[in-house]
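As structure tokens, the structure follows; a few thoughts come after it.
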Amino acid sequence: MDYMVEGISEKDSKMNLAVTRLLEQEGIQRDGNLDYTCVILDDIGNPVATGSCFGNTLRCMAVDHRYQGRGLLNLLIRHLTEYQISRGNTHLFIYTKMREARFFQDLGFYEIANVDGMITFLENRKNGFPNYLNSLKRESHDVEFLGKQVGAVVMNANPFTMGHLFLVEEAAKKCEILLVFVVSEDCSMFPFSVRQDLVKKGTAHLKNVICHASGPYMISQGTFPSYFLKEEAVVCEAHAKLDIAIFEIIARELGITNRFVGEEKKSMVTSMYNRVMLEQLNKVGIKAEEIPRKKINGEVISASKVRQWIHDGQLESVCPFVPKTTWEYLYSEEARPVLEAIQKAQDVIHY
């Protein structure tokens with residue numbers, strides 16, 4: 001039998017139910033964040049293999065155990081890779097069970113990290129992660145890290161607020177060098193280029209701070225997809241553990257000794273991540289510390305609140321909650337399309 005791969009519509013409830021059942025049969029829970037799904041059907045129209053995408057990741061791959069060994073996984077990967085390339089994604093990632101990793105390695109994927117010998121994270125570029133590590137070193141080429149206390153902060157800064165600035169300032173006091181990684185994934189109201197620029201300008205007075213892009217290896221749709229869910233959901237701790245396992249490798253390469261996060265009580269996703277991070281990093285000798293949130297007149301500063309004021313047309317309320325550099329941007333002509341998009345959005349309180 002000649003097998004063919006075909007995409008399915010998210011409106012095809014019957015086929016989607018069959019895909020979910022196939023995944024469950026093969027011990028896989030269907031991901032809540034998918035933007036394309038394909039299937040291979042048998043001669044009576046039942047799915048015997050399936051795979052999906054979200055962003056630049058491949059996920060929810062399964063072949064019916066009765067059909068394994070027929071090259072169906074190869075067909076799925078080829079189809080999904082061609083589909084991703086057609087929409088401009090050439091750097092691809094996949095996370096899968098360790099026992100299945102060799103199949104993807106045979107198809108041109110390379111392991112980046114794994115969690116507890118159970119889940120592995122791979123990419124389709126042999127030197128992708130090593131090149132990223134080297135780029136971080138080049139960006140800090142004139143700074144001597146050896147023997148120094150090096151801290152790290154990872155932030156989305158959507159946008160950069162006085163709360164973010166407080167976190168960076170407090171962290172910078174506790175170490176000789178502080179690396180601030182700005183989440184590169186462009187899934188936020190403020191584009192990455194804007195967020196990174198505001199972080200750099202807002203921290204320019206701190207001479208021991210170096211800003212980096214997080215790239216696809218920290219809090220990305222590949223390493224920590226739960227962060228980008230637009231509604232509260234049951235969060236898989238494996239996502240957090242994977243992201244932190246990758247951070248451990250980055251920390252070893254750069255000599256990072258400390259990591260700092262802002263205290264989080266409202267976001268289930270972020271508070272869970274912080275808890276797992278504190279547990280995991282302290283086990284491997286990286287001191288992780290949660291910094292209490294800054295308040296103004298008893299009110300916790302949050303980027304969500306800033307976005308809500310922008311959405312509601314209350315821009316003046318934002319002023320005390322953001323650094324001067326962020327305020328100047330918000331009042332610039334450059335910010336107008338971003339502000340208009342926020343004002344039109346239905347939901348601006350996602351993390």
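Computed from the coordinates by the stated procedures, all read-outs in this text should not be read as laboratory data. All of these numbers come straight from a predicted model, not from anything done at the bench. A quick note on method: Cβ atoms are made from the backbone with ideal geometry, for glycine too, and the neighbour counts reach across all protein chains shown.
Computing FRET efficiency as 1/(1 + (r/R0)^6) for LYS173 and GLU26, where r is the C-beta to C-beta distance and R0 is 51 Å, gives about 0.50.
Taking 24 Å as the straight-line reach from the Cα of LYS97, the lysines in range (excluding those fewer than 8 positions away in the same chain) are LYS126, LYS241, LYS283. Enumerate the lysines that LYS11 could reach by cross-link, defined here as Cα to Cα under 21 Å, with residues fewer than 8 away along the same chain left out. Straight-line reach from LYS11, under 21 Å: LYS230. When shorter helices are ignored and each DSSP H run of at least 4 residues is given -39500 (n - 2.57), the per-residue value for the chain at 222 nm works out to -11500 deg cm²/dmol.
In this rough spin-label picture, where each label sits 7 Å from Cα along the Cβ direction, the SER317-SER140 distance is 3.9 nm. Annotation note: trypsin sites (Lys or Arg not before Pro) in segment 232-328 located in DSSP loop regions with a Cβ neighbour count of at most 13 within 10 Å are LYS265, LYS266. To the nearest Å, what is the center-to-center distance of segment 299-346 and segment 11-62, using C-alpha atoms only? Centre-to-centre distance over Cα atoms comes out at 40 Å. For the pair LYS295 and ASP186, label points projected 7 Å from Cα toward Cβ lie 3.9 nm apart. Extension gain, LYS148 to ASN46, is 30.7 nm, computed as 0.36 nm per intervening residue step minus the present C-alpha separation. In the frame of its principal axes, the chain has Cα extents of 68, 50, 32 Å, reported largest first.
Charged side chains reduced to their Cβ positions (Lys and Arg at +1, Asp and Glu at -1) give segment 35-97 a dipole of some 200 debye around its Cα centre. FRET efficiency for the pair GLU334 and MET1, taken as 1/(1 + (r/R0)^6) with r the Cβ-Cβ distance and R0 = 45 Å, rounds to 0.20. Under 13 Å of direct C-alpha separation, and excluding same-chain neighbours fewer than eight residues apart, LYS265 reaches these aspartates and glutamates: GLU290. To the nearest ten degrees, helix 128-139 and the longest principal axis of the Cα atoms of the chain are 10 degrees apart.
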